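Asks: One structure is given below, represented as structure tokens, and several questions about it will come after.
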Amino acid sequence: MNNKPDTPVTVVGLGLMGQALAGAFLKAGHPTTVWNRTAAKASQLVAEGARSAPTLDDALAAGPLTIVCLTDYQAVHELLDGSDIQLDGRTLINLTSGDSAQARETADWARRRGARYLDGAIMAVPQAIGTAEAVILHSGPQSDFEAHKPTLDALGTVTHLGADHGLASLYDVAGLAMMWSVLNAWLQGTALLRTAGVDAATYAPFARQIATGVAQWLPGYAEQIDSGSFPAEVSALETDARAMAHLIEESEALGVNAELPRLIKKMADRSIAAGHGAEQYPVLIEEFSRPAA
Ligand code: FVH
């Protein structure tokens, strides 16, 4: 980490995450101003050396960089819309979770107030903040990210994804989709194996091997998606669909929930009906890229 500890920073929002962010800045030596709607949440940070700003406007005016981390974007706007402070030349980094449209709208709001704006997404729990394991994604103008990266480095592994302010939120939900899909697949297999007396811990190493193996396919499959060409190099979608039918039948026969396998097969069947049965699995991107029928 390439920290510049003399740069002042303000943290607005002292939930569990905001407290962790402010704590990491303090630990790295940054003069840190904090503000929270419920002022009592600043006490521990003040004991560690933070300055508690008496008002939101005071907090925003305290330095060149303010990090905002509130419950949601509604809270962000309820709070910031109530201030008429001009933010000329200052940088606002919003690490509140939300969607890409909210990120872009907030970027427009910040522009109207004269502020530079980066949106961000935290892919970590509060306990990891300040360590390399804490991945924090940012999107917005690269020059604004580079200007503050030495300060942001105090928080963990910070990354810039691109100029579109919506990207951090999109990567955030894409990561969640990946996480839940892997976990759901594992739970489906675990439920099946438990009917034969195989416990979750016994199945877990095999499941991890499969997940790791499938992860290796992603770069090649991504090339197919980006080129729009899906030759069946290892398997055709109709072959996969037959295996999906086995998964459904086995789940039903064993009294295990078959909703998820049925949903996946429904999408594959639609793609096959549209003429893609002889192509490879990533051709399903076309099903994923439009609203459900
Ligand atoms: N905690 C986590 O593990 C996750 C990890 C992934 C990213 N998230 C996101 O981080 C945002 C903040 O999370 P948090 O855990 O700190 O959340 P809360 O405890 O809910 O604290 C939220 C702060 O927001 C303040 N707040 C809420 N509404 C308003 C409002 N209308 N006006 C002003 N402030 C507001 C709240 O203030 P108070 O209740 O203490 O007065 C807290 O400071 C979040 O987007 C996660 O998704 C964390």
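Asks: With the requirement that a residue be over 23 Å from R111 (Cβ atoms) and in a helix (DSSP H, G or I), what does the stretch 147-179 give you?
Replies: If the condition is that a residue be over 23 Å from R111 (Cβ atoms) and in a helix (DSSP H, G or I), then P150, D153, A154, L155, V173, A174, G175, L176, A177, M178, M179 are the ones that fit.
Asks: Has the stretch 223-246 got at least one residue that is touching a residue at least 60 places away in the same chain (Cβ under 8 Å) and under 19 Å from S181 (Cβ atoms)? Don't jump to the end; show me each part of the working.
Replies: Quick first cut of the stretch 223-246, residues touching a residue at least 60 places away in the same chain (Cβ under 8 Å) only: 225.
Going one step further and asking which of them are under 19 Å from S181 (Cβ atoms), we end up with 225.
Yes, the stretch 223-246 has at least one match.
Asks: Filter the stretch 70-114 down to residues that are touching a Ser or Thr at 6+ places or on another chain (Cβ under 7 Å) and within 9 Å of the ligand (Cβ to nearest atom) and give me whichever is nearest to V12 (Cα to Cα).
Replies: Among those residues, the one meeting the criterion is L70.
Asks: Report the residue count in the stretch 59-103 for those that are buried (at least 18 other Cβ atoms within 10 Å of the Cβ) and assigned to a helix (DSSP H, G or I).
Replies: The total comes to 8.
Asks: If you go through the stretch 174-183 one residue at a time, do you hit one that is in the same structural domain as I67 (by TED's automatic domain parsing), surrounded by 14 or more Cβ atoms within 10 Å (Cβ to Cβ) and away from the ligand (no atom under 14 Å from the Cβ)?
Replies: No, every residue in the stretch 174-183 fails to be in the same structural domain as I67 (by TED's automatic domain parsing), surrounded by 14 or more Cβ atoms within 10 Å (Cβ to Cβ) and away from the ligand (no atom under 14 Å from the Cβ).
Asks: Determine which member of the set V283, V234 is crowded, with 17+ Cβ neighbours inside 10 Å and not assigned by TED's automatic domain parsing to the domain that holds A124. Full working, then the answer.
Replies: Working: V234 fails: crowded, with 17+ Cβ neighbours inside 10 Å.
Of V283, V234, the one residue that is crowded, with 17+ Cβ neighbours inside 10 Å and not assigned by TED's automatic domain parsing to the domain that holds A124 is V283.
Asks: Restricting the search to the stretch 15-37, which residues are more than 9 Å from the ligand (Cβ to nearest atom) and either of a type in the set (A, V, I, L, M) or at pLDDT below 95 (or both)?
Replies: Step one: of the stretch 15-37, the residues more than 9 Å from the ligand (Cβ to nearest atom) are 22-35.
Matches in the stretch 15-37: A22, A24, L26, A28, V34.
Asks: A further question follows. Filter the stretch 210-257 down to the residues that are more than 20 Å from A191 (Cα to Cα), among the polar types (S, T, N, Q) and not in a loop (DSSP other than H, G, I, E, B) and list them by number.
Replies: Residues of the stretch 210-257 more than 20 Å from A191 (Cα to Cα): 212-242.
Now restrict to residues that are among the polar types (S, T, N, Q): 212, 216, 224, 227, 229, 235, 239.
The answer is T212, Q216, Q224, S227, T239.
Asks: Would you please name the residue that is surrounded by the most Cβ atoms within 10 Å (Cβ to Cβ), looking only at residues in the stretch 38-57 that are outside any helix (DSSP H, G or I) and more than 12 Å from the ligand (Cβ to nearest atom)?
Replies: At the first step, the residues of the stretch 38-57 found to be outside any helix (DSSP H, G or I) are 38, 48-55.
Cutting the leftovers down to more than 12 Å from the ligand (Cβ to nearest atom) gives us 48-55.
Numbers: E48: 12, G49: 12, A50: 24, R51: 18, S52: 18, A53: 20, P54: 10, T55: 11.
Per the criteria, the residue is A50.
The values are calculated or read from the model by the stated rules, or taken from the named source; none is laboratory data. The model shown is predicted, which means the values in this text are computed figures rather than measured ones. Backbone-built Cβ (ideal geometry, glycine too); neighbour counts: all protein chains shown.
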